[in-house]
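Working notes, structure below.
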Amino acid sequence: MSRIGKLPIEVPAGVAVNVSDENIVTVKGPQGELFQKVDPEIEVSLEENKIVLKRPTEQKRHKAMHGLYRSLINNMVKGVSKGYEIKLELVGVGYRAENKGQVLDLVLGYSHHTYIQLPNEVNVEAVTDKRSNPIVTLKSADKQLIGQVAAKIRSFRMPEPYKGKGIKFVGEQLRRKAGKSANVK
């Protein structure tokens, strides 16, 4: 049996879970409400504040879907109860970040500003302190969406291996390379 798929999902207090006839799982909590359509062959049931997923056979496809949907539903439960947070650091001379509502304005060393319109489900905060790199904080209940937004922001200026300039996750260790060395005779 799938090691991940067979684990029951604990439903914390304040979180409501509903499974419809079309196998759509709805999770409501203090951080928001999320939906996930589950394959009709995977059976989702609620048992004593736990969500249990069962698969019909031992086929490879059913095993894969069993673990996948268990992980997706678990991420939804964690998201609506606690929420997710990703912090991005802008490393480089003159790099700046500023948010105006749901629009993030980035200055990344190009000849123009870079603007990104963020979805309403993602909250953004840009902090610039003196003598430190600007930090962009993203918060959301949807793990997939916040990860996609963070990857999109990071793609505007990927960290380069020689000086380490670019947009990186806070705490990320970059693989650095040595530059050219002088030819000594």
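The values are calculated or read from the model by the stated rules, or taken from the named source; none is laboratory data. All figures in this text were calculated on a predicted structure; none of them were measured in a lab. All Cβ positions, glycine included, derive from the backbone under ideal geometry; neighbour counts span all protein chains shown. Please note that ligands, DNA and RNA were not included when accessible areas were found on the heavy atoms of the full protein model with its side chains. Shrake-Rupley method; radii C 1.70, N 1.55, O 1.52, S 1.80 Å.
Some notes on this structure:
- Solvent-accessible area of the range 3-88 (1.4 angstrom probe, protein heavy atoms only): carbon and sulfur portion equals 50 percent.
- Cross-link reach list, aspartates and glutamates versus K165, counting only Cα pairs under 17 Å and skipping chain neighbours closer than eight places: E89
- Once C-alpha pairs closer than 8 Å and six or more residues apart are averaged by separation and normalised to the residue number of the range 11-120, the relative contact order reads 18 percent.
- Applying both filters, DSSP loop and at most 11 other Cβ atoms within 10 Å, to the chymotrypsin sites (Phe, Trp or Tyr not before Pro) of the range 97-185 gives Y110, Y162.
- The phi torsions of the range 31-39, fed into the Karplus equation with coefficients 6.51, -1.76 and 1.60 and a -60° offset, translate into couplings of 8, x, 9, 10, 10, 8, 7, 9, 3 Hz, rounded to whole numbers, with Gly and Pro shown as x.
- Under 17 Å from K63, Cα to Cα: aspartates and glutamates that are on another chain or at least 8 residues apart: D39, E41, E43
- Within the range 153-180: backbone nitrogen closer than 14 Å to the T114 label point (7 Å, Cα to C-beta): 153-160, 165-169
- Residues of the chain: accessible area per residue with a 1.4 Å probe, Å²: 64 Å²
- Q144 versus E121: modelled label distance in nm, points set 7 Å from Cα along the beta carbon direction: 0.8 nm
- Of K82/K163; K37/K60; K54/K152; K100/K168; K54/K168; K78/K168, those spanning more than 30 Å from alpha-carbon to alpha-carbon: K82/K163; K54/K152; K54/K168
- Global form of the range 92-140, assessed from the alpha-carbon gyration tensor, a/c cut-off 1.5: oblate
- Multiplying the residue separation of R131 and E160 by 0.36 nm and removing their Cα-Cα distance gives an extension gain of 8.3 nm.
- For Rg/Rh (Cα atoms, Kirkwood Rh), calculated from these coordinates, the label among (i) 1.05; (ii) 1.12; (iii) 0.99: (ii)
- With each label modelled as a point 7 angstrom along the Cα→C-beta vector, the I24-R61 pair spans 2.4 nm.
- Distance from the range 73-132 to the range 49-68 (C-alpha centre basis), Å: 36 Å
- Based on DSSP H segments of at least four residues, each scored -39500 (n - 2.57), the chain has a per-residue ellipticity at 222 nm of -6500 deg cm²/dmol.
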